[in-house]
Amino acid sequence: MKIRPDVLFAIQNKLPVVALESTIISHGMPYPKNVETALLVEEEIIKNQATPATIGIIDGEIVVGMTHDEIEQFGKRKGIAKVSRRDIPIVVAQKKWGATTVAATMIIAGMAGIEVFATGGCGGAHRQAQQTFDISADLEELQRTNVTLVSAGVKAILDLKLTLEILETKGVPVLSYQSKEFADFYTRNSGLEIENVCNTPLEIAQIIKAKRDLKLDGGVFVSNPIPAEYAMDKEIINNAIDKALKMADEKGISGKDITPFLLKTIVELTNGDSLESNIKLVLNNAKLGAEIALELSKL
Ligand code: PSU
Ligand code: MN
């Protein structure tokens, strides 16, 4: 594992660090917006007094804390594998490039000693998961790996209610930041009430610390709604999601390809509006991630 020197220094000195994933760069957004966003996210974390560490696999080597040039490569290169837990050993052994999902990024962050991770939207149970069994490995990871994930709920293309049920079964604390409702990715209101609302980053950090002290393994899920000014119109986004789901069905797209296909199709159907919202919600999560990491470093 190659850890960027400033990231290693921060980890060793218990300074705030925020992990970032690379699937969102390679498979979640088009070039060049993906690279621009990844760099803005890093700046946002630095602005909020933490060190960003974008994670991925380059020629089989696990990288914690990519350089700007490496981020650019992740945004541009074709054929980078989407890497979840099961893909890590394969991509490492075959010396390939791998973009890490929430699950894989959590594992690597955990190995490196990074406790907080910010993304856009975690994976979850797809609609009709009762039949297809398509439930993201991200949820399994939240059950076992000691990393806090800051996410705008889960992607609105999913079945949010089912996802929350699974998180409950897996024993994952779900904390909602300054909102009574589970975040709905592109919008603020899913209609699903969350029991545990936290109003400050300190409250979240205290829960993470209590879990750590009690040696209760697993992640913490922080649901952070998109700021109101960047949220999409419910009807517009729901129409686009329905259309995209229908297209995926007609094309027979499934497995690891479905999430990238849906995100890309929704961007096209909304003339880029969904991409703008996606970028804003990631930045918002980066800020909260840095604030939580800072509070945690003081406890
Ligand atoms: N957040 C975004 N865009 C993304 C993702 C998150 O704003 O593309 C990625 C994450 O890497 C997450 C993955 O782990 O989508 C979910 O993929 P799947 O549904 O195949 O598990
Ligand atoms: Mn899946």
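Placing unit charges on each Cβ (+1 for Lys and Arg, -1 for Asp and Glu) gives the chain a dipole about its Cα centre, and among Phe117, Pro89, Gln130 the Cα reaching farthest toward its positive end belongs to Pro89. For the pair Thr169 and Glu276 in one chain, pulling the backbone fully straight at 0.36 nm per residue adds 35.2 nm over the alpha carbon distance. Based on every Cα atom in the range 1-128, Rg and the maximum pairwise Cα distance Dmax equal 13.7, 46 Å. Can you bin the range 1-69 into rounded, prolate or oblate? Criterion: square roots of the alpha carbon gyration tensor eigenvalues sorted a ≥ b ≥ c, rounded for a/c under 1.5, prolate for a/b above b/c, oblate for the rest. Here the range 1-69 falls in the oblate category.
This model, with +1 at the C-beta of Lys and Arg and -1 at the C-beta of Asp and Glu, gives the range 50-163 a dipole about its Cα centre of some 320 debye.
When a/c reaches 1.5 or more, the comparison of a/b and b/c decides; with that in mind, is the range 79-149 rounded, prolate or oblate per its Cα gyration tensor? Oblate, because a/c is 1.5 or more while a/b does not exceed b/c.
Computed packing ranks the peptides 57-64, 100-107 as 100-107, 57-64, most packed first, by mean other Cβ atoms within 10 Å. Taken about its Cα centre, the range 150-299 carries a charge dipole of about 460 debye when Lys and Arg each add +1 at the Cβ and Asp and Glu each add -1 at the Cβ. Would you mind classifying the chain by shape? Square roots of the alpha carbon gyration tensor eigenvalues, ordered a ≥ b ≥ c; an a/c under 1.5 is rounded, otherwise it is prolate if a/b is larger than b/c and oblate if not. Rounded shape, in that the Cα axes give a/c under 1.5.
Only one residue of Ala248, Asn13, Leu281 has its Cα farthest out toward the positive end of the dipole of the chain, where Lys and Arg carry +1 and Asp and Glu -1 on Cβ, and that residue is Asn13.
Would you mind calculating the relative contact order of the chain from Cα pairs under 8 angstrom and at least 6 residues apart, reporting the percent as a whole number? Relative contact order here is 21 percent. In this Cβ point-charge picture (+1 for Lys and Arg, -1 for Asp and Glu), the range 257-299 has a dipole of about 160 debye about its Cα centre.
Modelled label positions at Gln94 and Leu15, each set 7 Å beyond Cα in the direction of Cβ, lie 3.8 nm from each other.
The label-point distance for Asn189 and Arg127, in a model that sets each label 7 Å from Cα toward Cβ, rounds to 2.0 nm.
Please give the FRET efficiency for Arg77 paired with Gln206, using the beta carbon to beta carbon distance and R0 = 30 Å, rounded to the nearest 0.05. Taking R0 as 30 Å, the efficiency between Arg77 and Gln206 is 0.15.
Set the Cα radius of gyration of the range 113-272 against 2.2 N^0.38 Å, with N its number of residues, and you get 1.05. Structure remark: mean-square fluctuation, Gaussian network model of the chain, C-alpha springs under 10 Å; the largest value among Gln12, Gln131, Gln206 belongs to Gln131.
The distance between label points at Lys243 and Lys47 comes to 3.3 nm (points 7 Å beyond Cα on the Cα→Cβ vector). Within the listed set Ala109, Ala205, Ala129, the Gaussian network model of the chain (springs between alpha-carbon atoms below 10 Å) gives the highest mean-square fluctuation for Ala129.
With 0.36 nm allotted per residue and the present C-alpha distance subtracted, the Asp69-Glu268 stretch has 68.9 nm of extension available.
Values quoted throughout were computed directly from the atomic coordinates according to the rules given, and no laboratory measurement underlies them. Nothing here was measured: the structure is a model prediction, and the numbers come from that model. Glycine also receives a Cβ, built like all others from the backbone with ideal geometry; neighbour counts cover every protein chain displayed.
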